[in-house]
Amino acid sequence: MLETSPPEIFDCQTCGACCAYSADWPRFSMESDEEIAAIPEAMIARDESGMKFENGRCAALTGEVGKHVGCAVYLVRPHVCRTCMPGDEECKIARAEFGFPIEVLPEPEAYEA
């Protein structure tokens, strides 16, 4: 069973499902040429449409999904990664794909400033 923090302090670094859910995500959408240039070329998909997906996960994802993960390009990660929040629809879909519980998630509004 996946151990998780209480919803009010949900820690994405114990999950990582959103970064290993689909080769079609994350895609670049609003990034400028300068923002994309800040991401190491080896982590960008060959067609430059988004992050490279290899071995069933985003090339920037470090660690083990469901245990402890991180992002090798966290400070320059794509906009779609910045807007993904615990408990939003994308989060729930990705967690469900891995069989992770979704009832432990906070409402996405808890993270809006």
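Taking the residues in the range 55-68 that are in a loop (DSSP other than H, G, I, E, B) and without any contact (Cβ under 8 Å) to a residue 40 or more places away in the chain as candidates, determine which candidate is surrounded by the fewest Cβ atoms within 10 Å (Cβ to Cβ). This residue is Asn55. For the range 23-30, the condition of being of a type in the set (Lys, Arg), more than 11 Å from the chain's Cα centre (by Cα), modelled with pLDDT under 95 and outside any loop (DSSP other than H, G, I, E, B) holds for at least one residue. Reported count of residues in the range 21-52, each being among the aliphatic types (A, V, I, L, M) and closer than 11 Å to Arg77 by Cβ, is 4.
Residue-wise test of (1) open to solvent by 60 Å² or more (accessible area, probe 1.4 Å); (2) aromatic (Phe, Trp, Tyr); (3) not in a loop (DSSP other than H, G, I, E, B).
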residue	(1), (2), (3)
Gly70	no, no, yes
Gly87	no, no, no
Glu90	yes, no, yes
Ile93	yes, no, yes
Ala96	yes, no, yes
Phe100	no, yes, no
Glu103	yes, no, no
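Report yes if Glu35 is in contact (Cβ under 8 Å) with a residue 24 or more places away in the chain and either surrounded by fewer than 18 Cβ atoms within 10 Å (Cβ to Cβ) or not in a strand (DSSP E or B) (or both), otherwise no. Yes, satisfied. Just one of the numbered conditions (1) touching a residue at least 24 places away in the same chain (Cβ under 8 Å); (2) farther than 12 Å from Tyr21 by Cα is not true of Thr83: (1).
Only residues that are touching a strand residue (DSSP E or B) at 6+ places or on another chain (Cβ under 6 Å) and charged (D, E, K, R) were counted in the range 10-46, giving 1.
The values are calculated or read from the model by the stated rules, or taken from the named source; none is laboratory data. Treat the numbers as computed from the prediction; the structure is a model and nothing was measured. Heads up, the Cβs are rebuilt from the backbone with ideal geometry, glycines too, and the neighbour counts pull from every protein chain shown. Accessible surface is based on the protein model in full, side chains and every heavy atom, while ligands, DNA and RNA are left aside. Shrake-Rupley method; radii C 1.70, N 1.55, O 1.52, S 1.80 Å.
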